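Quick notes on the structure that follows.
The values are calculated or read from the model by the stated rules, or taken from the named source; none is laboratory data. Note that the structure is a prediction, hence the values are computed from the model and not measured. For neighbour counting, all protein chains shown are included, and Cβ atoms are generated from backbone atoms with ideal geometry for every residue, glycine included.
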Amino acid sequence: MNIAVIGTGYVGLISGICFAEKGNHVICVDQDINKITALQNLVSPIYEPGIEAFMERNVQAGRLAFSSNLIQAVQDSELVIIAVGTPSLPSGEANLQYIEQVAAEVGRAMNGQKIVATKSTVPVGTNEKIREIIAQQTEQPFDIVSIPEFLREGSAIQDTLHPDRIVIGLDNRELEAVLVELHSSFTDQIFVTDIRSAEMIKYASNAFLATKISFINEISNICEKVGADVTEVAIGMGKDPRIGPSFLNAGIGYGGSCFPKDTKALIQIAGNVNYEFQLLKSVVEVNKAQRYKVIEKLKESLGQLNNTVIGIWGLSFKPNTDDVREAPSLEIVEALISLGARLKLYDPVAMDKFRERFDHPAIEWCGNALAAAANADAVCLLTDWQEFKELQLSQLIYLMEQPILIDGRNVYTKEQIEGAGLHYYSVGRPE
Ligand code: UGA
């Protein structure tokens, strides 16, 4: 199939690459000329393991191209995928400005029958709005479908090539066969439903996963008080297939460009129809509070934090990405600085992105984890990067002013800690 993908963020770029990988002809469009030039030179604007090799292979095979010419790309395609961002407005509501702009441009470019699919996460009813906007611009026949994306950053290509399920929301049943055929090389778990339900499936899925995380984080807080071990509790709970073992890792709360945005947007979507989503509001509150547990533990171990030196391991919102959007590290670093601490920061890939968002004279940028620990009064691990798991913790006692390690992600085992001579604090596990 000839496919135009509008928007080369995570969702658009990865979908484009993966549709090309499956033999389709894909043109990825973005209005940002610098981004397109970089992509044409096979440089990815996002950090994602393996992405450049996939880009190169498909560009060389003539199946993948990058362009800033939306009109041409739409005219050359039977399927147009909208994958531009839906950032949060101050109210928490999704900002649909980019989607609406693109819909109008797609409408103006229409030169024959096409399917317009939305992959961006959009509130229920948005696809119908997109239909109206396109129809205002063209007499050409077209169909609207909602195909929400469920990829995770850091494993985005593998998630897209081997998804657990594909959800297709449509109202013209004649499209079912062609869309199922297009996606059948990815998985046979294809669920076809109506457009509004497809839109809701995306929000409900992210909200449910966020709920699981806040739930286990609250359990971890109780575990700390009653002497239970949250990692053992999660394993025991996860053996029940109705609960499942994943997304039960206690830590410093969820971050990233999706869960914080989508939970707030769903609260707003409910609010707009006079429904108070009480459970999800609590999930968001619990997540906010969980970030500050690290600071409470630092205070518990060091007393006051003024003039202390704190090493920070990990800034990205999770491993294998340089993304710091809504990363817990941002709030924790700012709070520590306001309490008078000096900070030594290290992340394997996210330091530049972090510095673009936040910099301060109290921050020293370090070249590796041990450098960030040197002469520190405490180290806080905020992201569970593999390289932190492999560190020889016994070195810390020689390097640090005080050997205090706050493990915000429960990455270390009892065996790794034993004999390292550390004051070790984790999340919801007995010390
Ligand atoms: C999430 C969803 O997992 C994807 O299915 C979805 O497509 C995507 O949002 C989206 O809406 O586009 P992502 O934001 O890449 O993907 O990251 P996750 O792997 O879900 O992690 C989110 C946050 O939850 C991270 O900060 C992670 O550290 C935290 N987390 C995750 C926990 O604290 N505990 C867990 O057990 C799992």
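Taking segment 148-163 as the range and being within 6 Å of the ligand (Cβ to nearest atom) and either without any contact (Cβ under 8 Å) to a residue 40 or more places away in the chain or at positive phi (or both) as the test, only Arg152 passes. Please find, within segment 185-204, the residue that is nearest to Asp164 (Cα to Cα) out of those that are within 16 Å of the ligand (Cβ to nearest atom) and crowded, with 17+ Cβ neighbours inside 10 Å. Step by step, filter segment 185-204, then rank; the result is Phe186. Can you tell which of Gly311, Gly303 is more than 16 Å from the ligand (Cβ to nearest atom) and exposed (fewer than 15 other Cβ atoms within 10 Å of the Cβ)? None of the others qualify; the one that does is Gly303.
Here Lys288 does not qualify as at pLDDT below 95 and either within 15 Å of the ligand (Cβ to nearest atom) or touching a Ser or Thr at 6+ places or on another chain (Cβ under 9 Å) (or both).
Checking each residue in segment 84-134 for being among the acidic types (Asp, Glu) and modelled with pLDDT of 95 or more picks out Glu100, Glu105, Glu128, Glu132. Can you say whether Ile235 is modelled with pLDDT of 95 or more, more than 12 Å from the ligand (Cβ to nearest atom) and surrounded by 13 or more Cβ atoms within 10 Å (Cβ to Cβ), as far as the supplied structure shows? Taking the combined requirement at face value, the residue does not satisfy it. If the condition is being in contact (Cβ under 8 Å) with a residue 40 or more places away in the chain and within 29 Å of the chain's Cα centre (by Cα), then segment 164-180 contributes Gly169, Leu179.
Pairing each residue of segment 37-51 that is of a type in the set (S, T, N, Q) with any residue that is in a helix (DSSP H, G or I), provided the two are 6+ apart or on different chains, yields C-beta distances under 8 Å for Ser44/Leu13; Ser44/Ala38; Ser44/Ile51; Ser44/Glu52; Ser44/Met55. Can you say whether Leu42 is in contact with a Cys (Cβ under 9 Å, 6 or more places away or on another chain) and farther than 19 Å from Val102 by Cβ, as far as the supplied structure shows? The answer is no for Leu42. Residues in segment 291-321 that are among the polar types (S, T, N, Q) and either over 20 Å from Ile363 (Cβ atoms) or modelled with pLDDT under 95 (or both): Ser301, Gln304, Asn320, Thr321.
Let's see how each residue does on (1) more than 10 Å from the ligand (Cβ to nearest atom); (2) of a type outside the set (Gly, Ala, Ser); (3) within 19 Å of Leu381 (Cβ to Cβ):
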position	(1), (2), (3)
Asn206	no, yes, no
Leu209	no, yes, no
Ser214	no, no, no
Glu218	yes, yes, no
Glu224	yes, yes, yes
Gly227	yes, no, no
Val230	yes, yes, yes
Ile243	yes, yes, no
Asn249	no, yes, yes
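When segment 117-134 is limited to residues that are within 22 Å of the chain's Cα centre (by Cα) and either acidic (Asp, Glu) or in a strand (DSSP E or B) (or both), the one that is surrounded by the fewest Cβ atoms within 10 Å (Cβ to Cβ) turns out to be Ala117.
Restricting attention to segment 204-246, which residues are farther than 18 Å from Gly256 by Cα and either assigned by TED's automatic domain parsing to the domain that holds Val411 or touching a helix residue (DSSP H, G or I) at 6+ places or on another chain (Cβ under 7 Å) (or both)? Selection gives Ile216, Glu218, Ile219, Ser220, Cys223, Asp229, Val230, Val233, Ala234, Ile243, Gly244, Pro245.
Looking at Glu139, is it more than 18 Å from Ile81 (Cα to Cα) and part of a loop (DSSP other than H, G, I, E, B)? Criteria met by Glu139. Screening the candidates Ile166, Ile133 for the property of being in the same structural domain as Leu79 (by TED's automatic domain parsing) and in contact with a His (Cβ under 7 Å, 6 or more places away or on another chain) yields one hit, Ile166. Checking Phe388, Phe354 one by one, the residue that is at pLDDT 95 or above and farther than 28 Å from Thr231 by Cα is Phe354 and no other.
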